[in-house]
Amino acid sequence: MQSVLEIATPVCRTAADIHEQLRRIRAYVCEVARDEGLRVGSAGTHPFSLFERQRITARDRYRKLVDQLQYVARRELIFGMHVHVAVDDAEKAVQVVNGLLNHLGQLLALSASSPFWRGEPTGLSSSRQMVFAAFPRSGPPPRFNDYADYAAVVGQLEKTGCIPDYTHIWWDIRLHPRLGTIEIRICDATTRLEDVVAVTAFCQALVKHYCEQYARGNRIPSYHRILTTENKWLAARYGLEAPVMDLATGRRNRIPVAQLIRRTVKEIEPHARELGSERELEGIHEILARGNGADGQLRIFNANRDIVEVVQEIASATEVGAVAPAAATG
């Protein structure tokens, strides 16, 4: 849609690099917007805009998509954050994705920033997930045995004309063979720059964790799609307060997703240290203490029941992250 702007960093090695690149890009975008009398905000949905009033960008890819998907595509006024992490072997990448499926609920709870849809509070932390679930080939990917298993499924879709290529598969996590990456797509677009960087550090360290398990020949645990999807739904509904299943231990009682996130952070901290992103990973604890983007939007809304004020605060928080801190003077 013409009202939607997608930005992307170049390839970065560290979470600190991500922070600097995104700060520069956000600063540039905000400056261009100001010159046009506009503001830019990052969140999983625009709290009150209506998709019927948006114009589709005049490109063949988008026109074909609307022609194929109709209402499902036209109402897609939602925004996500995608994190690519390079993995140097296709077989390894398949098994790492299988391991990451157990963390979908954690990633969504940390990034959820879409509690409003069409001007109404939905009761969900991530309304974006509700909207995007209507897309074909969305949601958690199936567990593949190996790369040949994945290639056979994608090849069947391509050769029968269901999709032109694999980029029309919109799973929450997918392989991106052309780039040599695992693409983590579950996250809502995140408002605060420091939260973006923290979640990115979380993703990179988590991928490294499973890569090393694979290299050691350890079995990477995976769980039935129904179970991981249930935890994802609970995170979309309740955010950081979601009572989820602890699939790794098999305990009978559900536990807060925040407890699982803390356990995961402790497990991947050594990997973050090796990657040089230990400090950025600490931002996860700040999200847990402060709340995610959805929590912040609802606090603002509940004060005055003014949804325009929510959008103003989203824009302000997006712009603040684009400004470099002032240099100290002696």
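Taking the criterion of being open to solvent by less than 10 Å² (accessible area, probe 1.4 Å) and either basic (Lys, Arg) or in contact with a strand residue (DSSP E or B) (Cβ under 7 Å, 6 or more places away or on another chain) (or both), the residues of the stretch 107-134 that qualify are LEU107, LEU108, SER111, ALA112, SER113, SER114, PRO115, PHE116, SER126, SER127, VAL131. From the list LEU100, LEU104, the one residue that fits, being within 12 Å of the chain's Cα centre (by Cα) and either closer than 30 Å to ALA289 by Cβ or open to solvent by 30 Å² or more (accessible area, probe 1.4 Å) (or both), is LEU104.
Once the stretch 148-187 is narrowed to residues that are within 15 Å of the chain's Cα centre (by Cα) and of a type in the set (D, E, K, R), the residue that is surrounded by the most Cβ atoms within 10 Å (Cβ to Cβ) is ASP172. A search for C-beta distances below 6 Å between a residue of the stretch 287-305 that is among the polar types (S, T, N, Q) and any residue that is modelled with pLDDT of 95 or more, counting only pairs 6+ apart in sequence or on different chains, returns ASN292/ALA112; ASN292/GLY239; ASN292/LEU240; GLN297/PRO115; GLN297/VAL310. Among the residues of the stretch 248-271, those that are touching a residue at least 24 places away in the same chain (Cβ under 8 Å) and within 22 Å of ASN98 (Cβ to Cβ) comprise ALA248, VAL257, LEU260, ILE261, THR264, VAL265, GLU267, ILE268, HIS271. Residues in the stretch 171-204 that are charged (D, E, K, R) and either outside any loop (DSSP other than H, G, I, E, B) or over 25 Å from ARG23 (Cβ atoms) (or both): ASP172, ARG174, ARG178, GLU183, ARG185, ASP188, GLU194, ASP195. MET245 meets each of the listed conditions (1) buried (at least 17 other Cβ atoms within 10 Å of the Cβ); (2) in contact (Cβ under 8 Å) with a residue 24 or more places away in the chain apart from (2).
Only residues that are of a type outside the set (Asp, Glu) and part of a helix (DSSP H, G or I) were counted in the stretch 114-170, giving 20. Among the residues of the stretch 260-307, the ones that are of a type in the set (S, T, N, Q) and either surrounded by 14 or more Cβ atoms within 10 Å (Cβ to Cβ) or touching a helix residue (DSSP H, G or I) at 6+ places or on another chain (Cβ under 7 Å) (or both) come to 4 in all. Among the numbered conditions (1) modelled with pLDDT of 95 or more; (2) of a type in the set (Phe, Trp, Tyr); (3) open to solvent by 20 Å² or more (accessible area, probe 1.4 Å), the only one that TYR223 does not meet is (1).
Residue count for the stretch 204-220 under the criterion of being among the charged types (D, E, K, R) and open to solvent by less than 50 Å² (accessible area, probe 1.4 Å): the result is 1. Taking each residue of the stretch 147-160 that is at pLDDT below 95 and looking for partners that are open to solvent by 40 Å² or more (accessible area, probe 1.4 Å) and of a type in the set (D, E, K, R) with beta-carbon atoms closer than 6 Å, six or more apart or interchain, yields nothing.
The values are calculated or read from the model by the stated rules, or taken from the named source; none is laboratory data. Predicted model, so just to flag it, every value in this text is computed and none were measured. Note: ideal-geometry Cβ built from the backbone for every residue, glycine included; neighbour counts use all protein chains shown. Side chains are part of the model used for accessible areas, which takes the heavy atoms of the whole protein and leaves out ligands, DNA and RNA. Shrake-Rupley method; radii C 1.70, N 1.55, O 1.52, S 1.80 Å.
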